[in-house]
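See below for the structure under consideration.
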C-alpha cells in the first residue's frame, strides 16, 4: 500500500523554497543535505503524524546528472510552491509493477540514509506532476519518525487536477492515506492544511 511519507516545496533556489515554507509556517526549517545522484539539495522540517516537509531545489554547486533530475526540477519555474507529494511503499519493485507510470527504480543514499525511489525517465511525475513519487526506505527509522517535532500537524493534503477523478481511480486500489483527498480544478496543484501552536496555516 501507498502511505503518505512527505510533501515537497520546490523552488528556483533552495533559499526561495525555504523562505516560502518559513513564511507560511512561521517556523524555521532544519538542516537537510545534498543528493549527488540528482544534483539537488534540501532542508527538512518534521510534521505530525510521522510525516515531514522538504524544501528542495537544484544545487548550483553540484554537477548536472547524466539524465533528468527528479521531481521535474529541470523544468520547474515560477515562484516556490508546494509541488510534490511522496508516498511510502513496503516494496518499491512491487509498487512499480502495479503502477508502472511511476517510473524506474533508482537507489539512493546520503548522510546515512538509504532509500529507493521510482523516477520517470524524464523526471516528471504523471498527471502534470500530481502523481505521487514512490519511495521505499532502507533504514530502520525514516525521517518522518526521526526528525525533531516541530509542533505542526498536517491535517489535510488536497491534490488538485483537471482529471482528479481519474488520478484518484488509478491510486484507489493502492492508497492508504486518509489525509489525502482529490479535487477537480482547471489548474493542477497541491494544497496542505496544517495546525500548530499558533493556529492554522496553509501551503
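The values are calculated or read from the model by the stated rules, or taken from the named source; none is laboratory data. Treat the numbers as computed from the prediction; the structure is a model and nothing was measured. Cβ atoms come from the backbone with ideal geometry, glycine included; neighbour counts cover every protein chain shown.
One residue is enough: does segment 155-165 have a residue meeting the conditions more than 23 Å from residue 57 (Cα to Cα), in a strand (DSSP E or B), touching a strand residue (DSSP E or B) at 6+ places or on another chain (Cβ under 6 Å) and touching a residue at least 24 places away in the same chain (Cβ under 8 Å)? Yes: one or more hits.
Scanning segment 83-96 for residues that are over 14 Å from the mean Cα position of the chain (by Cα) and touching a residue at least 12 places away in the same chain (Cβ under 8 Å) gives 90, 91, 92, 93, 95, 96. Annotation for segment 105-114: no member residue is part of a helix (DSSP H, G or I), modelled with pLDDT under 95, under 17 Å from the mean Cα position of the chain (by Cα) and under 29 Å from residue 37 (Cα atoms).
Give the residues of segment 68-82 that are over 15 Å from the mean Cα position of the chain (by Cα) and part of a loop (DSSP other than H, G, I, E, B), sorted by residue number. Residues satisfying the conditions are 68, 77, 78, 79.
Residue count for segment 115-150, restricted to those that are within 20 Å of residue 74 (Cβ to Cβ) and in a loop (DSSP other than H, G, I, E, B): 13. Residues considered: 134, 99. Of these, the only one that is over 16 Å from the mean Cα position of the chain (by Cα) and closer than 27 Å to residue 165 by Cβ is 99. Among the candidates 171, 194, 190, the residue that is at pLDDT 95 or above, closer than 16 Å to residue 3 by Cα and surrounded by 15 or more Cβ atoms within 10 Å (Cβ to Cβ) is uniquely 171. Scanning segment 153-167 for residues that are within 12 Å of residue 131 (Cβ to Cβ) and under 16 Å from the mean Cα position of the chain (by Cα) gives a single hit, 159. Here 191, 187 are screened, and the one residue that is touching a residue at least 24 places away in the same chain (Cβ under 8 Å), on the phi < 0 side of the Ramachandran plot and in a loop (DSSP other than H, G, I, E, B) is 187.
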